[in-house]
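The values are calculated or read from the model by the stated rules, or taken from the named source; none is laboratory data. Quick caveat: nothing in here was measured; it's all calculated off a predicted structure. Neighbour counts run over all protein chains shown; Cβ positions are idealised from the backbone, glycine included.
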Amino acid sequence: MTKTNSPIKALLVGLISILALATLPVNAQDNNRGLIVSPAIFELSADRGGSYQFSVNVENNSENEDYSLTPLAQTFTADNEEGNPTVSAIPDGSPLRNWISFNESKYEIKKGQKAESKFTVNIPEETAPGSYYFAISYTTKLPATNDGAKVVLNKEVSALLFITVKGQITRNVNFDSFTSYSQFVDPFFDGLNLNYKIKLEGNAYLKPSGNVFAGNNLETPDSTLTLNPNQKIILPNTARNFTMQTNPNLDWGFLSFKPSSLPNKGEILKVSDVKVPWFGSQKFTAQVLYVNNDGSLDRKSAELQVFFFPWKTMLLVLSVIGLIAAGYYGYWYLARTKKI
Amino acid sequence: MYFKNFFRGKKTQMIGIGLSLVVLIVVAAFGFQSIGRNYFKAQASGVTPVITPSTANVATAGTITVAWTNSALLPTGTVITLLYRSLYTGTLTTANTTVNGIAPTAITNVTSLGVTTSSITIGASVAASATLTISMTGLTTPSTAGNYTFTISTPIANDFGANFQYVGQFNVVQVRAFIPVSLSFNIRNTADTADTNICDLGTASTTTVNTCSYRLKVSTNASNGYTIAMLVDGNLTNGTSSITNASAGPTGTAVVAGTEMYGATVAGGAINGLGGTVALTSPFTSVGSNVVAYSNLVSANILTANRPNFPAATDLVNTSLITHRLAINNNTGSGYYNQNVTYRVTPAF
């Protein structure tokens with residue numbers, strides 16, 4: 001009787017367990033996100049003499065702190081070729097100091113509450129065309145203590161504001177490099193790494209758009225990938241690295257490279273798989289498109305030839321054959337010498 | 001013996017009669033359903049014509065076919081009716097239209113209230129249960145994207161039905177939503193169980209190295225990750241004298257009891273955005289338990305993360321651990337030493 005009921009019991013226990021698990025919070029974010037700023041990236045195409053209003057939602061999601069926040073307009077530059085900003089104060093005497101004015105000079109936000117921070121961007125008439133960069137920062141300011149050896153910790157969260165003042169915009173886009181992790185790729189073993197660096201000169205930032213074409217004929221490429229799926233921005237007179245990473249995908253003889261799901265890899269490809277030969281060379285053409293000041297469309301390309309050759313696979317097969325042969329030979333030798 | 005006993009007595013007889021009635025009702029229901037099917041089939045048949053191509057570009061000429069299963073024999077000369085929006089330009093003629101591959105003997109087109117009615121006299125009979133296909137090469141799709149119906153009706157079989165042709169991808173429902181980049185930052189205790197804004201090094205002595213630590217917790221959906229920078233208001237000081245700062249990375253300085261030294265170690269941790277990595281900048285990397293200088297009066301980037309991060313409520317992995325270390329010697333002046341550190345978090349672009 002017990003035996004008959006055990007599957008039913010097991011089923012019930014399983015169902016109850018599943019229901020119980022389903023009700024558990026997944027990766028729950030309780031009240032401990034602290035200071036929240038949204039949106040954290042703005043872009044503005046502005047006219048000289050124009051005035052533009054923005055608002056930022058600032059939220060206190062701390063467990064037990066009330067925030068006294070000071071808003072501040074700062075500026076930033078590119079710290080490296082990966083899109084990380086270095087924020088700094090706007091120098092004294094810089095006309096940029098007068099561009100941004102906040103409606104409030106301080107925000108007192110109790111825990112669990114939020115505020116809408118409004119600010120106005122005023123573009124002076126005499127501003128030269130081109131891009132300008134601001135960090136809209138919200139900082140907690142805590143007083144120093146006089147009790148033992150203590151380090152007082154303040155929080156600052158900044159939103160980035162990219163402003164392009166209309167007028168004579170110049171952009172000179174070039175591929176600094178276009179490389180593969182390896183020139184010789186075993187399509188059955190290796191992932192495909194494509195790295196390219198785009199250098200921008202001029203007076204305005206660029207969010208590059210374009211494609212990477214795989215195939216020996218650009219007119220009829222075998223596959224097409226998005227050049228900049230994460231909408232990265234290049235500041236003028238800097239360079240920016242881009243990386244694409246794919247994994248081999250074998251499906252009944254059809255060979256393609258799937259977007260990577262492995263950690264510590266590069267950009268995730270979004271448009272299609274990369275189709276490659278299992279043996280032979282494949283040309284990759286990276287092409288960035290951008291609009292000139294006169295409205296014409298321009299493009300710059302870089303090419304890369306990758307050779308696909310299953311050398312690792314062949315080494316593995318040869319190793320297995322060698323091992324089998326060695327085993328047979330050993331057996332034959334021992335049999336011959338009558339040791340077995 | 002069992003069945004003999006079963007029908008013994010009134011109670012069992014009633015059960016038997018009841019069961020018989022149920023069987024009868026079920027049989028009758030199946031019978032009527034069958035009759036009903038045949039009855040309606042003889043009277044009229046709702047059909048769903050197949051329009052090919054089901055999707056088309058705007059203002060495009062090409063072959064359009066309307067096909068359905070014919071319910072009853074349609075003799076030669078039967079007039080079938082096709083209705084479509086008069087936004088389709090062009091006219092159906094016997095030269096550009098066929099029914100099952102055979103040109104009709106006549107077509108009349110009447111346009112009224114935005115609908116064109118084409119009466120097509122078939123040139124050959126169409127058998128019952130056969131596919132009836134009207135093929136048209138004389139129509140051009142409307143210049144405005146939309147979902148447009150083709151409706152057919154036939155006499156005798158009384159087939160009637162309609163279906164859409166989706167022009168200009170009007171059937172594609174584009175769902176759009178703007179999700180702004182959100183960035184949040186908190187400073188938590190070492191176990192990530194409570195907020196903190198103080199790192200207490202305690203009471204220093206020449207025989208110990210005093211430490212305190214906390215976690216920097218950043219959540220963001222910024223696709224390119226984020227940057228954490230730091231700046232201080234000055235050295236760890238009592239107002240008159242300051243503790244000797246460690247060297248900057250990449251090596252840093254060891255903190256030994258009895259030798260005055262102050263600095264911090266940074267453990268970048270990880271992020272859980274797919275394929276994401278955290279990298280320390282060179283001045284904040286150190287060897288072993290060495291500390292690095294925490295004395296930047298101008299903002300300096302400590303670490304960069306290249307993907308979004310969504311740490312859990314308590315998360316010792318996807319957060320960065322900062323540990324301050326202090327050692328003093330016999331000459332270190334007494335007093336309350338403090339330092340104000342500001343951590344600056346920005347999205348990467």
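For region A:37-64, give me the residue count where each residue is touching a residue at least 60 places away in the same chain (Cβ under 8 Å) and of a type in the set (Asp, Glu).
Counting residues in region A:37-64 that are touching a residue at least 60 places away in the same chain (Cβ under 8 Å) and of a type in the set (Asp, Glu) gives 2.
Of the conditions (1) assigned to a strand (DSSP E or B); (2) farther than 30 Å from A:Ile136 by Cβ, B:Thr346 fails just one. Which one is it?
Failed condition: (2).
With the condition kept exactly as written, say whether any residue in region B:298-305 is more than 12 Å from every other protein chain (Cβ to nearest Cβ), of a type outside the set (Asp, Glu) and assigned to a strand (DSSP E or B).
no
Is at least one residue of region B:279-286 assigned by TED's automatic domain parsing to the domain that holds B:Ser241, over 24 Å from B:Thr211 (Cβ atoms), out of contact with any Pro (no Cβ under 6 Å at 6 or more places or on another chain) and part of a strand (DSSP E or B)?
yes
Return a yes/no flag: does region A:262-270 have any residue that is touching a Leu at 6+ places or on another chain (Cβ under 6 Å), at pLDDT 85 or above and under 30 Å from A:Leu161 (Cα atoms).
no
I'd like the full set of residues that are at pLDDT 80 or above, in contact with a Pro (Cβ under 7 Å, 6 or more places away or on another chain) and within 14 Å of B:Thr81 (Cα to Cα), limited to region B:136-169.
Correct list: B:Phe150, B:Ile152.
Looking only at strands (runs of 3 or more DSSP E) that lie completely in region B:100-171, which have at least 2 residues being farther than 20 Å from B:Thr65 by Cβ?
Correct list: B:106-112.
If I go through region A:128-155 residue by residue, how many of them are free of Cβ contacts under 8 Å to residues at least 24 places away in the same chain and within 8 Å of another protein chain (Cβ to nearest Cβ)?
Result for region A:128-155: 12.
Within region A:229-255, take every residue that is part of a loop (DSSP other than H, G, I, E, B) and not hydrophobic (A, V, I, L, M, F, W, C) and give me the one that is modelled with the lowest pLDDT.
It comes out as A:Gly253.
I'm checking my understanding of the structure. Among residues of region B:313-337 that are farther than 23 Å from A:Asp147 by Cβ and buried (at least 20 other Cβ atoms within 10 Å of the Cβ), which one is farthest from the other protein chains (Cβ to nearest Cβ)?
B:Ser320
Residues in region B:256-299 that are of a type in the set (A, V, I, L, M, F, W, C) and farther than 22 Å from B:Ile187 by Cβ: how many?
5
Which of (1) part of a loop (DSSP other than H, G, I, E, B); (2) out of contact with any strand residue (DSSP E or B) (no Cβ under 7 Å at 6 or more places or on another chain); (3) β-branched (Val, Ile, Thr) is the odd one out, the single condition B:Thr48 does not satisfy?
Single failed check for B:Thr48: (2).
Inside region A:52-68, can you point out the residues that are facing chain B (nearest Cβ under 10 Å), under 29 Å from the mean Cα position of the chain (by Cα) and either farther than 13 Å from A:Tyr107 by Cα or not in a strand (DSSP E or B) (or both)?
A:Asn61, A:Ser62
Only residues that are within 29 Å of B:Asn224 (Cα to Cα) and assigned to a loop (DSSP other than H, G, I, E, B): list them for region A:216-228, please.
Answer for region A:216-228, where residues must be within 29 Å of B:Asn224 (Cα to Cα) and assigned to a loop (DSSP other than H, G, I, E, B): A:Pro221, A:Asp222, A:Leu227, A:Asn228.
Can you name the residue in region B:266-285 that is touching a residue at least 40 places away in the same chain (Cβ under 8 Å) and closer than 27 Å to B:Ala248 by Cα and, of all such residues, is surrounded by the most Cβ atoms within 10 Å (Cβ to Cβ)?
B:Ile271
Identify, from the list B:Phe160, B:Phe178, B:Phe164, the residue that is closer than 30 Å to A:Ser55 by Cα and either touching a residue at least 40 places away in the same chain (Cβ under 8 Å) or not assigned by TED's automatic domain parsing to the domain that holds B:Asp195 (or both).
B:Phe178
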